[in-house]
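Quick one: this structure, given as structure tokens, is what I'll be asking you about.
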Amino acid sequence: MKRYLVKTISTATANNQSYGGETHVYIHGKDGYLLKAETRDPFVARDLITPYFVREHGYKRECDARRAYSYTHPENTEYWNSTAEIIAVEIWNDGKGGQYIKYV
């Protein structure tokens, strides 16, 4: 089973005095659901890339992921420069009841 997610990479500009030079990575699913956040902020950082969350919050079609707000509106301001991309994730069973995730 394949699902599509939106990955956003944000780099702080020199004007950003709080996070100057840092890079944050975010992965969003349907309805802007934040599945993964790689940041130094402990209140935001999370990793919910599990078979359950990807199945529930991932897009079934790539064209739907390309219409997501996080993909069409990356934050490019004087404080952050962002890029967005679509990533494909496959959920597969090992035949013994276990489910795993593989980035395609």
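With +1 on each Lys and Arg Cβ and -1 on each Asp and Glu Cβ, how big is the dipole of segment 2-103 about its Cα centre, in debye rounded to the nearest 20?
So the dipole magnitude of segment 2-103 works out to roughly 500 debye.
Taking the Cα-to-Cβ direction at Glu75 and at Val104 and moving 7 Å from each Cα, how far apart do the two end points lie in nm?
Each label point is offset 7 Å from its Cα along the Cβ direction, giving 3.1 nm.
Hey, another quick one. Skipping prolines and chain starts, which residues have an amide H placed within reach, meaning under 5 Å, of the one on Trp80, given they are 5 or more residues away or on another chain?
HN-HN under 5 Å from Trp80: Thr13.
So how do Thr8, Thr83, Thr50 line up by other beta-carbon neighbours within 10 Å, fewest first?
Working: Thr8 19, Thr83 11, Thr50 14.
Placing the least packed residue first, the sequence is Thr83, Thr50, Thr8.
If you rank Trp92, Trp80 by fewest surrounding Cβ atoms within 10 Å, what's the result?
Fewest to most other Cβ atoms nearby, the residues stand as Trp92, Trp80.
Over segment 2-103, how many pairs of lysines fall under 17 Å by alpha carbon, counting only those 8 or more apart in sequence or from different chains?
Taking segment 2-103 as the scope, the lysine pair count is 10.
Whole-Hz Karplus ³J(HN,Hα) for segment 45-51, in order, using 6.51 cos²θ - 1.76 cosθ + 1.60 and θ = phi - 60°, x for Gly and Pro?
Residue by residue, segment 45-51 yields 4, 6, 9, 10, 7, 10, x Hz.
Okay, next question. What does the convex hull of the alpha-carbon atoms of segment 2-103 project to on average, in nm²?
Details: hull surface 27.4 nm².
Across all orientations, segment 2-103 yields a mean hull projection of 6.8 nm².
Read-outs throughout are calculated quantities, based only on the coordinates presented, and are distinct from any laboratory measurement. Computed from a predicted model, the values in this text were never measured in an experiment. Backbone-built Cβ (ideal geometry, glycine too); neighbour counts: all protein chains shown.
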